[in-house]
1. If each residue of separation counts as 0.36 nm, what is the full-extension length gain between residue 36 and residue 15 once their alpha-carbon separation is subtracted?
2. Cβ neighbours within 10 Å, averaged per peptide: list 90-101, 5-16 in order, most packed at the top.
3. So, in Å, what gap is there between the alpha-carbon centers of the stretch 13-59 and the stretch 78-109?
4. Using a Förster radius of 30 Å, what is the FRET efficiency between residue 109 and residue 71 based on their Cβ-Cβ separation? Nearest 0.05, please.
5. Specify the angular offset, from 0 to 90 degrees and rounded to the nearest 10, of the alpha carbon long axis of helix 35-45 from the longest principal axis of the alpha carbons in the chain.
6. By how many degrees, between 0 and 90 and to the nearest 10, does the Cα long axis of helix 2-16 differ from the longest principal axis of the chain?
7. How tilted is helix 22-32 with respect to the longest principal axis of the chain? Cα atoms for both, answer in degrees (0 to 90, nearest 10).
8. Relative contact order for the stretch 2-106: what percent, with Cα pairs under 8 Å and sequence separation of 6 or more?
């Protein structure tokens, strides 16, 4: 669920910045949802998380049975999985404004 929420937020950001070409939207979305980029973006929001949000992040990060792809380290992949768990929780608990706020901060340096 969390990866879909992040992708939705990427597409919202792209559309609001004027990008409407489908191919360009897809390329942008792929760039944001890589484990490596999610792990890096996570650094921007970790200090801002509430205790409940931190707990959801940690549960996702520490989930068993995770095997990392060749494009990311195990640590990056686990951190990205935790970030996706957090965004999934925010969506499912009706906190999309908080998800948008964290997304904006996480990817504040991205185009």
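1. 5.2 nm
2. Per-residue Cβ counts within 10 Å, averaged per peptide and sorted highest first, yield 5-16, 90-101.
3. 7 Å
4. Computed FRET efficiency for residue 109 and residue 71: 0.90.
5. 80 degrees
6. Long axis of 2-16 versus the principal axis of the chain: about 30 degrees.
7. Long axis of 22-32 versus the principal axis of the chain: about 30 degrees.
8. Relative contact order for the stretch 2-106 comes out at 37 percent.
All of the numbers you see were taken from the coordinates with simple rules; none came from a lab. These numbers come from a predicted model, not from an experiment. A quick note on method: Cβ atoms are made from the backbone with ideal geometry, for glycine too, and the neighbour counts reach across all protein chains shown.
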